[in-house]
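Have a look at the structure below before the remarks.
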Amino acid sequence: MKHIHTISLALALLLPSATAAMADSSVPGNVLFNGTTATTAVRSETGWCAVAAGPSTFENEGSNAVNLSLDAVSYLTEDAFYEVSGMARLKFKTATTGTVRFDFAGDLPKGVRQPTFSNYKERYSRRAGRLKTSFQLNFPDCSVQVKAIYRD
C-alpha cells in the first residue's frame, strides 16, 4: 500500500508540470505586443500570395493558440483574387504547425479563410523586450512566409 501512495504522489506531482511545460512558451501570456510585419511575396505555378508590411499585434493566448493581427494578406489564383486582414488566430496542432482562422473573412473558401501554417518559430528576448516570429502561411496554390518583430 505504501508503494501505491508513493507512485500516486509522484504522478500527481509530475503530470501537472509536464502539462504546463507543453503549454508553456517563453513568451509571457496576457501581454499584448505591438510590432510590424515584413513585406513578403511569392509566386507559384498556379498562384501568387503576399503579406503587406504594416502594423501588427501579438498575444500569446496559451492553450496552444496565438492571436496576431495582420494588415493585409493577398492570395491570387488563376480564377480569383482574395484579401484577408485583421485578427488571425493560430491554433497549434504541433509545436510548429496548425491552422489559421481569420476573423471576419466573409464568404471565402475554407482554404482562404482557414489556411494551414507550418515552420512556426518564435524567439523572445526578455531582456530586450523583443519578440520575432515567422511561419509559412499555406494557401491551396501558394505558400508565403510571414515575418514580424514585436516589442512589449
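The values are calculated or read from the model by the stated rules, or taken from the named source; none is laboratory data. These numbers were taken from a predicted model, which means no experiment stands behind them. Note: ideal-geometry Cβ built from the backbone for every residue, glycine included; neighbour counts use all protein chains shown.
Being of a type in the set (Phe, Trp, Tyr) and part of a strand (DSSP E or B) is the requirement here; does Phe117 meet it?
Yes; evaluated as a whole, the condition is true for this residue.
Considering each residue of region 22-53, count those that are at pLDDT 95 or above, part of a loop (DSSP other than H, G, I, E, B) and either on the phi > 0 side of the Ramachandran plot or surrounded by 16 or more Cβ atoms within 10 Å (Cβ to Cβ) (or both), and give that number.
The number of residues fulfilling the criteria is 1.
Can you pull out every residue in region 54-79 that is of a type in the set (Gly, Ala, Ser) and either under 17 Å from Ile149 (Cα atoms) or at pLDDT below 95 (or both)?
If the condition is that a residue be of a type in the set (Gly, Ala, Ser) and either under 17 Å from Ile149 (Cα atoms) or at pLDDT below 95 (or both), then Gly54, Ser56, Gly62, Ser63, Ala65, Ser69, Ala72 are the ones that fit.
I need the full set of residues from region 72-86 which are within 17 Å of the chain's Cα centre (by Cα) and either over 15 Å from Thr133 (Cβ atoms) or of a type in the set (Lys, Arg) (or both), in order please.
Ala72, Val84, Ser85, Gly86
Just one of the numbered conditions (1) within 16 Å of the chain's Cα centre (by Cα); (2) without any contact (Cβ under 8 Å) to a residue 60 or more places away in the chain is not true of Thr133; which one?
If we test Thr133 against (1) within 16 Å of the chain's Cα centre (by Cα); (2) without any contact (Cβ under 8 Å) to a residue 60 or more places away in the chain, just (2) comes out false.
Can you work out which of the residues in region 91-108 that are among the aliphatic types (A, V, I, L, M) and within 11 Å of the chain's Cα centre (by Cα) is surrounded by the fewest Cβ atoms within 10 Å (Cβ to Cβ)?
Quick first cut of region 91-108, residues among the aliphatic types (A, V, I, L, M) only: 95, 100, 105, 108.
From what is left, the residues that are within 11 Å of the chain's Cα centre (by Cα) are 95, 100.
Details: Ala95: 11, Val100: 22.
Of everything passing the filter in region 91-108, Ala95 is surrounded by the fewest Cβ atoms within 10 Å (Cβ to Cβ).
Just to be sure, is Gly111 surrounded by 14 or more Cβ atoms within 10 Å (Cβ to Cβ) and not in a strand (DSSP E or B)?
So Gly111 fits the description; yes.
Against the definition (of a type in the set (Phe, Trp, Tyr), more than 12 Å from Phe139 (Cβ to Cβ), in a loop (DSSP other than H, G, I, E, B) and in contact with a strand residue (DSSP E or B) (Cβ under 7 Å, 6 or more places away or on another chain)), how does Phe58 come out, yes or no? Steps first, please.
Numbers: of a type in the set (Phe, Trp, Tyr): yes; more than 12 Å from Phe139 (Cβ to Cβ): yes; in a loop (DSSP other than H, G, I, E, B): no; in contact with a strand residue (DSSP E or B) (Cβ under 7 Å, 6 or more places away or on another chain): yes.
Criteria not met by Phe58.
Would you tally the residues in region 97-130 being closer than 20 Å to Val31 by Cα and of a type in the set (Phe, Trp, Tyr)? Show your work before the answer.
Kept after step one, since they are closer than 20 Å to Val31 by Cα, are these residues of region 97-130: 120-130.
Now restrict to residues that are of a type in the set (Phe, Trp, Tyr): 120, 124.
The number of residues fulfilling the criteria is 2.
Need pairs with beta-carbon distance below 7 Å; first residue in contact (Cβ under 8 Å) with a residue 24 or more places away in the chain and within region 55-78, second acidic (Asp, Glu) and not in a strand (DSSP E or B); sequence gap 6+ or separate chains.
Thr77/Asp141
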